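Bear in mind these aren't lab numbers, they're just calculated from the coordinates by the rules spelled out. These numbers come from a predicted model, not from an experiment. Here the Cβ is made from the backbone with ideal geometry for all residues, glycine too, and neighbour counts use every protein chain on show.
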Amino acid sequence: MSADPTLDPTTQRKHAAMIERLSNLHQSRVSNKTDPKDPSFESTKSFLLIFTNSKQAIESSLTRIQQNPDADPTRDLKPELEKISISITELEKLIAENSYFLPPYEVRSSLKTISDLKQTLDLVTSKVKPRKKFSFKNKPAKKPEPANVVTKDTEAIEYEPEQQQSGYKLKDSPGFRNKENEMLIKEFKGSEIGEFVLSDLTNCEVRLKGCFRTLFINRVQNCKIYAGAVLGSILIEEVEGCLFVAASHQIRIHHAKETDFYLRCRSRPIIEQSSGVRFAPYRLCYDGIENDLMESNLDDDTGSWANVDDFQWLRAVQSPNWSILPESQRIDTVKI
């Protein structure tokens with residue numbers, strides 16, 4: 001390109017320098033990207049590389065254990081199985097932390113992979129230890145209970161086969177179960193970080209303060225549930241007429257009806273087989289919540305709460321199953 005004779009020499013030099021910078025930038029993008037029009041390509045490519053390598057390492061470990069379960073009769077496989085379980089959890093956390101830029105298809109595909117890995121782990125565990133149900137917790141074998149003893153908040157909960165989409169085992173997880181018309185409060189401190197379950201609750205108010213790893217919610221009606229910072233995932237199944245105020249890296253919702261969700265999340269909320277669900281930003285306050293959110297990397301509102309993925313609705317138009325809660329109908333900040 002020739003210089004414009006109408007421009008003075010100084011302006012011509014600046015113009016030439018600008019053209020050179022733009023040319024160099026373009027060449028750099030072309031050489032580093034397969035598709036220079038896709039600004040998220042490098043991040044997606046990096047994620048898929050890490051995800052695939054981790055997935056293959058986990059599958060190799062599972063295959064090795066499954067093929068040689070009796071190579072050494074004295075060998076204790078529990079530490080290896082625990083290590084694999086932790087690796088799967090870390091891989092799921094990787095999805096949650098990066099799904100804000102990933103294409104929806106990659107998120108769905110990655111979550112399906114996690115579910116498959118968990119099912120394979122359960123299968124391998126049952127094969128190498130057929131006579132003793134595997135538990136990740138160092139607990140003594142549970143003794144049979146007398147028929148007239150009622151187990152309290154940590155009683156067992158079994159999911160029906162069609163409800164095991166998450167792949168988690170909830171049998172030994174602490175939580176609130178089988179409650180009605182009660183105020184239920186739990187504060188997590190230090191080493192208490194772990195899994196927590198809310199199941200078969202009716203007309204209850206639940207207040208969960210502090211940081212914990214995972215929250216499972218199942219069969220809940222007409223309840224108000226307020227939760228602090230969840231480091232990993234929240235899985236919600238079979239809820240109706242409820243109000244949730246929760247913060248988490250990843251939130252999945254199955255079979256929800258006429259329920260409002262006030263969320264702060266790192267990745268897009270996922271709904272399946274749900275209707276009449278509405279979403280709004282997180283509105284919860286308690287002493288120390290700012291520190292809890294910061295430690296959980298949830299201190300910033302990314303706006304993901306408003307970008308919901310409905311896995312049952314594949315059309316380009318807005319899903320009729322969810323909506324943004326109008327500001328005039330939103331609750332005020334709740335202090336617990």
For the range 228-241, Karplus-derived ³J(HN,Hα) couplings (6.51, -1.76, 1.60; θ = phi - 60°; whole Hz; x for glycine and proline) come out as x, 8, 9, 5, x, 10, 10, 10, 10, 9, 6, 10, 8, x
Between residue 328 and residue 258, what's the calculated FRET efficiency when r is the beta-carbon distance and R0 is 22 Å? Round to 0.05. 0.75
Karplus (6.51, -1.76, 1.60) ³J(HN,Hα), θ = phi - 60°, over the range 294-309, in Hz, Gly and Pro reported as x: 5, 5, 8, 6, 10, 6, 9, 7, 7, x, 5, 4, 8, 10, 8, 9
For residue 334, other-chain or 5+-apart residues with amide H closer than 5 Å (H placed, Pro excluded) are 284, 285
Cα gyration tensor, the range 161-335 - rounded (a/c under 1.5), prolate or oblate: rounded
Take the residue pairs 55/78; 189/335; 186/257 and return only those whose Cα atoms are more than 22 Å apart. 186/257
Given H placed on each backbone N at 1.01 Å, which residues far from residue 211 in sequence or on other chains put an amide H within less than 5 Å of it? 188
What residues qualify as long-range amide H neighbours of residue 324, i.e. H under 5 Å apart, gap of 5 or more or another chain, H built at 1.01 Å from N? 279
Calculated FRET efficiency, residue 49 and residue 77, Cβ-Cβ r, R0 30 Å, to nearest 0.05? 0.50
